[in-house]
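Working notes, structure below.
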Amino acid sequence: MPTDASQTVSGERPLRRDAARNRERILAAAGEVFATRGLEVTLDDIAHHAGVGVGTVYRRFHDKEQLIDALFDDRMDAIVRVAEDALAAADPWLGLEGFFVGILDLQAADRGLRELAFAGRHGRERVTRARTRLEPMVQELVARAQASGQLRGDVLADDVPIIQKMLAQVIDVAGDASPDLWRRYLAIVLDGLRTRRDGPTALPVPALEHGQLESCMQGWRPPRGARPPAAGGPT
């Protein structure tokens, strides 16, 4: 006959498994909602998307900031992998270019990540952690490209996050009218960063038509709570 202690243990195990499954379901739902709608969504929105009660969300995460923290580290791991791949490239220039492309690809797919990168009221401590991880890698990317003679010598590592954030704004402004428009302006920026080239790089995406531009500019709004980023912030 089982003891009371064994009954307690056997009774708890399914609950622990359920709790773990619910936590993963909530994190997955939050990632999807943040990616498409940004950080202003509520825990009620996330609970609805996850198909669980809001009380279940609050049992796993006391508030939205705690949930954002759990997701942010995953997003930063993805960004660090982009930087590691860029540093592993045999050609330093292609590595630097690949870093810009990889980061902007991630941000184009994730509105919440773009809002975090601008470090408004959501998580200056997170941005500081990210900057600490990324700064040495960005410095090495810039140093390698300059040592190869392909990147102009007056470019600083601190220019990289500013350029990236400038291009991230293109993603927000263009919206659904031209989701890949940032690639056009990245090509223009990269031409300006090179020490020399035979001619201008072909632009991979057409410019917005005048009517599209007017519509996009009128419809654009900065992320709520966004502030100007500090140099060296996370890319």
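The values are calculated or read from the model by the stated rules, or taken from the named source; none is laboratory data. Quantities reported herein were computed from a predicted structural model and do not represent experimental measurements. Here the Cβ positions follow ideal geometry from the backbone for every residue, glycine too, while neighbour counts run over all protein chains shown. For accessibility, only protein heavy atoms count, side chains too; no ligands or nucleic acids. Shrake-Rupley method; radii C 1.70, N 1.55, O 1.52, S 1.80 Å.
Return a yes/no flag: does the range 64-80 have any residue that is under 30 Å from Ile188 (Cα atoms) and touching a strand residue (DSSP E or B) at 6+ places or on another chain (Cβ under 7 Å). Among the residues of the range 64-80, not one is under 30 Å from Ile188 (Cα atoms) and touching a strand residue (DSSP E or B) at 6+ places or on another chain (Cβ under 7 Å), which makes the answer no. Taken over the range 200-225, the criterion of being surrounded by fewer than 18 Cβ atoms within 10 Å (Cβ to Cβ) and at pLDDT below 85 is satisfied by Met217, Gln218, Gly219, Trp220, Arg221, Pro222, Arg224, Gly225.
Entry remark, the range 93-117: residues being in a helix (DSSP H, G or I), under 14 Å from Ala35 (Cα atoms) and either open to solvent by less than 40 Å² (accessible area, probe 1.4 Å) or at pLDDT 85 or above (or both) number 11 in total. Summed over the range 151-182, residues that are assigned to a loop (DSSP other than H, G, I, E, B) and open to solvent by less than 50 Å² (accessible area, probe 1.4 Å) total 3. The residues on offer are Ala145, Ala78, Ala90, Ala130, and the sole one that is under 29 Å from Arg194 (Cα atoms) and outside any helix (DSSP H, G or I) is Ala90.
Candidates in the range 7-30 are the residues that are modelled with pLDDT of 85 or more and of a type in the set (Gly, Ala, Ser); of these, the one that is most open to solvent (accessible area, probe 1.4 Å) is Ala28. As a summary of the residue check, Val52 satisfies the conditions (1) farther than 22 Å from Asp172 by Cα; (2) open to solvent by 20 Å² or more (accessible area, probe 1.4 Å); (3) assigned to a helix (DSSP H, G or I) except for the one numbered (3). With respect to (1) within 23 Å of Val80 (Cα to Cα); (2) modelled with pLDDT under 95; (3) not small (Gly, Ala, Ser), the lone exception for Val173 is condition (1).
Within the range 55-68, the set of residues being open to solvent by less than 60 Å² (accessible area, probe 1.4 Å) and in a helix (DSSP H, G or I) comprises Gly55, Thr56, Val57, Lys64, Leu67, Ile68.
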